[in-house]
Amino acid sequence: MAPEHRGQAVKSALKHAFNWLESQFSRLFTAQCNPLYQLGAMSFFYYWIVAITGVYLFIFFETSISGAYASVEQITHEQWYFGGVMRSFHRYASAAMGICVTLHLLREFAMDRYSGVRWFSWVSGIPLLWLLFASAIGGYWLVWDVQAQYIAITTAEWFDVLPIMVDPMASNFLNEASLSDRFFSLLVFLHIGIPLALLLGMFIHIKRISNVRTNPARGLAAGTLLAMLVISLWRPALSQAPANLDVAVTEVGLDWIFLNPYPLIDDWGPGTVWLLLVGLSTLLTILPWLPSRRPQQTPIAVVDPANCNGCGWCLADCPYEAVTLKVHDFKPGRQQSVVDPDLCISCGICAGACPSSSPFRHVDELITGISIPSLHIKELLPLTESKLRELQGTGRVMVYGCDHGSDFANTESESVACISMPCTALVPPAFIDYVLRKDLADGVMISGCCEGDCHYRLGNTWMNQRFNEERMPILRTRVPRKLVRTRWLGVQGQAQLDREILEFQHYLRHDTDAQAQAISHG
Amino acid sequence: MVKPGQYLGQALLFGLFFLPLVYLTSQPVYLRQDPQLATIKVAVRHAGAVVGECVAAGGEAYDKLPVNMRRPEICPRERSPLRLQLRLDEQTLFSVTEPASGLHSDGVSSVYRRFTVPTGRYQLSMLMNDDVAVEGFNWQLEQEIELLPAQVMVVSFKGGFRIQ
């Protein structure tokens, strides 16, 4: 198998694994609290736990050779449970952050969310891996137990192969006599400075996306804290034997989450591990631009100044802050939207937000203020009408879905019409009103990515808010809500969506209330 | 509405997440070095002898210099590299030539090496040449040593070799 095909197979297998896991997690946690949909937010949450507990531990930590180990022992054993729990939270939250970040990276890769406009978030995330590992390793170093001794010597020898080192760093850890108290002051400085740099990097990482979720759902956060408390009481984080540089480290309990490169340094040599890690980081960095991975560039959103009144709804809804406002080309005192081609991802959410995307407008051609060339609103309207006119019988359903959700290949029937688009939030709410009011269909079903996991980040959130009249443009109050259903089931919810459509049709055919509402609305 | 069964499932998943995590933060134990081996570290930080002789300053160019910049001798900056050799009994553990640091090779030479060797008695020979003008080794240490399991023995240099 060619390498690019092997890569695709790996990605496809990962995607299926994630999809399966996500559906299981959604059953237990609900979509709103599904941890797999908020791995980034969970990473932020763990970061704050580590930061807060770190400040507490720092108050009692002594920066000296003899004081470091003793002070950590004192925190762990002599503050009854509190100090030990704080230390355990510090350690386990950092390990959990490491796992969440790794899963986050794997998931974004599997879901193809790293190229195109998303390159910035992907690339800015790579240095964060180094900073995260450096922060964690520095923390283990401060404890100054046998593991810290092993880390100190191996890290120093690892850095010594770099040509930038004039004096070998490992000379600082020859024996007990060569160790200096100042070294611990430096370590504390690094263990504060590197996590702060990590926080700055995390801020940059999310800089180019709007409405970022940095806090997990409350229920999930509460459950996480409870689970960590139980774990911390049951198996508190403890130090190993104190470091003694006069005795070689023979056996050591290792944190395999963060220290996994260390045995490789022992086995393969420092130079090989540098090559491996720098090579891996470089590969990850250039991944968005590899020819086999580069997605087909879809034409970006286009603004039609004549139909743009500068309302800013598209700007508010764009998940990537690709839309801004400028002085209108020819309407004095007005503004108009401008699309940044480097940021536009061609999702079409802006077109769904545009107030001019109303099929009720009395115009010869439905030209809208903003739209995407791959599915212009003026094309969506005749497409909808032509599909619905072919429907027969009762219980006619119009299904609007997205290309990243369920596949509609076998869903269409003589009474069900389906239209798939980049993102379901491309459908202006006025279209649903139009379809029902003109009696083109008996009901409308909106489907798409799983709730909280929109491929374009915010599509299903905005749709829910538009339908709940919380966000402009709203689905007008006159539209009977019983005739409109939203089902965010994702690609894994294919079978369920088909069942839901059948059930919806059954409802439309047999529920007299629904029929009455349809008649009155039409 | 979350059902009791879902809470149970959530607890199970939290457990499945945290239990391996807690285990992996300290287990399985990593066998870094055979406990029956000992460690020898060689750490030498030393400036080699200056290469070449100082020459008396003079001549037309010298006379044109301001008084405060005139020096009686002009000395070369380059220092000799360090040539080091460590032997245990008849076996050479390492032999290295370390150039002086700095763009003009006028800094110190630093060498650090770590070896693991079986425990037991050895005749240790640490040899060093810090002057290219001298044949052979002008610094040396010969000593019988006994290495114990997991012991760390350090050979360093400060006006002469010493073992710690």
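The values are calculated or read from the model by the stated rules, or taken from the named source; none is laboratory data. Please read all numbers here as calculations on a predicted model, not as lab measurements. Cβ sites come from the backbone with ideal geometry, for glycine too, and all protein chains shown count toward neighbours. Please note that ligands, DNA and RNA were not included when accessible areas were found on the heavy atoms of the full protein model with its side chains. Shrake-Rupley method; radii C 1.70, N 1.55, O 1.52, S 1.80 Å.
Some notes on this structure:
- Residues losing 30 Å² or more accessible surface upon assembly, the stretch B:105-132, compared with the chain by itself, 1.4 Å: B:S110, B:Y112, B:R114
- Residue mean of other protein chain beta carbons inside 10 Å, A:233-239: 2
- Charge dipole (Cα centre; +1 on Lys/Arg Cβ, -1 on Asp/Glu Cβ; no other charges) of chain A amounts to roughly 1680 debye.
- Surface composition of chain A: carbon and sulfur make up 62 percent of the accessible area, probe 1.4 Å.
- For A:K482, the aspartates and glutamates whose Cα comes closer than 17 Å to its Cα, not counting residues fewer than 8 places off in the same chain, are A:D433, A:D439, A:D442, A:E469, A:E500, A:E503, A:D511, A:D513.
- Most positive-pole-ward Cα, B:F161, A:C100, B:Q10, against dipole of the protein assembly as shown from beta carbon charges: B:Q10
- Rounded accessible area per residue of the stretch A:346-476, 1.4 Å, Å²: 35 Å²
- Shape category assigned to chain B from the gyration tensor of Cα positions, a/c cut at 1.5: oblate
- Seen from a random direction on average, the alpha-carbon convex hull of the stretch A:394-475 projects onto 5.2 square nanometres.
- Of the residues A:L14, A:L245, A:M169, the one whose Cα sits farthest toward the positive end of the charge dipole of the stretch A:10-289, with +1 on the Cβ of Lys and Arg and -1 on the Cβ of Asp and Glu, is A:L14.
- Counting only residues at least eight positions apart within a chain, or on another chain, the lysines with an alpha carbon under 26 Å from that of B:K158 are B:K41.
- Reciprocal of mean inverse Cα separation for chain A (Kirkwood radius, Å): 26.4 Å
- Cross-linked pairs A:K207/A:K326; A:K326/A:K438; A:K326/A:K378; A:K15/A:K387: Cα-Cα separations exceed 30 Å for A:K326/A:K438; A:K15/A:K387.
- Average accessible surface for the stretch A:10-289: 44 Å² per residue, computed with a 1.4 Å probe over protein heavy atoms with every protein chain in place.
- DSSP-defined antiparallel bridges as percent of all bridges, chain A, nearest 5: 40 percent
- Beta bridges per DSSP, both residues in the stretch A:326-455: antiparallel share near 25 percent.
- Its relative contact order, with pairs defined as Cα atoms under 8 Å and 6+ residues apart, puts chain A at 13 percent.
- Computed Kirkwood radius, in angstrom, where 1/r is averaged over Cα pairs of the stretch A:366-518: 15.4 Å
- Cβ neighbours within 10 Å from other chains - mean over B:32-44: 4
- Here the dipole of the stretch A:10-289 is about 1700 debye; that uses its Cα centre as origin and unit charges on the Cβ of Lys and Arg (positive) and Asp and Glu (negative).
- Prolate is the label for the stretch B:118-164. Its Cα gyration tensor axes, ordered a ≥ b ≥ c, give a/c of at least 1.5 and a/b above b/c.
- Take chain A and mark each of the chymotrypsin sites (Phe, Trp or Tyr not before Pro) that is in a DSSP loop with at most 15 other Cβ atoms within 10 Å; the longest unmarked stretch, sites excluded, is A:1-329.
- Gain in span if fully extended, B:T92 to B:E135, counting 0.36 nm per residue against the direct Cα distance: 13.5 nm
- Separation of the A:A177 and A:Q79 label points, Cα + 7 Å toward Cβ, nm: 3.7 nm
- Taking the helices alone, the protein assembly as shown has a mean residue ellipticity at 222 nm of -14000 deg cm²/dmol, built from -39,500 (n - 2.57) per DSSP H run of at least 4 residues and averaged over all its residues.
- Rounded if a/c under 1.5, otherwise prolate or oblate - the stretch A:10-289, Cα gyration tensor axes: oblate
- Interface burial for B against A (accessible surface, 1.4 Å probe, total of both chains, Å², rounded to 100): 3600 Å²
- Rg(Cα)/(2.2 N^0.38 Å) for the stretch B:40-112, N = residue count: 1.65
- Surface listing: B:T25, B:T92 arranged by accessible area from highest to lowest gives B:T92, B:T25, probe 1.4 Å.
- Relative to the longest principal axis of the Cα atoms of chain B, helix B:4-24 runs at roughly 30 degrees.
- Under-5 Å amide H pairs with A:C418, H placed in peptide plane, nonlocal only: A:V399
- Only Lys, Arg (+1) and Asp, Glu (-1) charged, at Cβ; the stretch B:9-96 dipole about Cα centre in debye: 220 debye
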